[in-house]
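The values are calculated or read from the model by the stated rules, or taken from the named source; none is laboratory data. Please read these numbers as outputs of a predicted model, since none were measured by experiment. Note that each Cβ is placed from the backbone with ideal geometry, even for glycine, and that neighbours are counted across all protein chains shown.
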């Protein structure tokens, strides 16, 4: 499993409660550009419409060696491939107050490109500060333990 793109702000802005793997419906040149590292999930989100899930606002750059890509929209809407049960489950959960669908990671699994989608609840500012404090104290402890050994 090779990580191709990651949404680093997702874990800072949301507390992730559940994670689900989804396939992506991509064009051939999009797969090539993702494998070349021209993808970003910053500011991307997942919507569910008419019983289908879509990845919106995710950036996938133009493939350098591709032709006829002048009209290509780099942040177009891409369909996510879920089972019907998974879509119904996600739809019910996302209707709850404060829960949103957040793309977390773009990676390869058995030569296919997959997207890890998280069901997250937005953090308040004081929650973010508390998380940062915990991480800093953990780093300080690890440094102290390393210096003793």
Open item on the list: Out of the residues in segment 47-64 meeting the condition of being in contact (Cβ under 8 Å) with a residue 24 or more places away in the chain and assigned to a loop (DSSP other than H, G, I, E, B), tell me which one is nearest to residue 116 (Cα to Cα).
Closed with: 58
TODO: Pull up segment 21-30, narrow it to residues that are outside any loop (DSSP other than H, G, I, E, B) and surrounded by fewer than 18 Cβ atoms within 10 Å (Cβ to Cβ), then point me to the one that is farthest from the chain's Cα centre (by Cα).
DONE: 28
TODO: Name the one entry in 89, 12 that is part of a helix (DSSP H, G or I), under 16 Å from residue 118 (Cα atoms) and at pLDDT 85 or above.
DONE: 89
Task: Selection count, segment 62-85, where residues are modelled with pLDDT under 90 and in contact with a strand residue (DSSP E or B) (Cβ under 7 Å, 6 or more places away or on another chain) - done: 2
- [ ] Quick one: count up the residues across segment 22-38 that are out of contact with any strand residue (DSSP E or B) (no Cβ under 6 Å at 6 or more places or on another chain), free of Cβ contacts under 8 Å to residues at least 60 places away in the same chain and closer than 29 Å to residue 89 by Cα.
- [x] 1
- [ ] Pairs only if they're at least six apart or on different chains, beta carbon under 8 angstrom, first in segment 104-129 and on the phi < 0 side of the Ramachandran plot and at pLDDT 90 or above, second part of a helix (DSSP H, G or I) and surrounded by fewer than 14 Cβ atoms within 10 Å (Cβ to Cβ); list them, first residue then second.
- [x] none
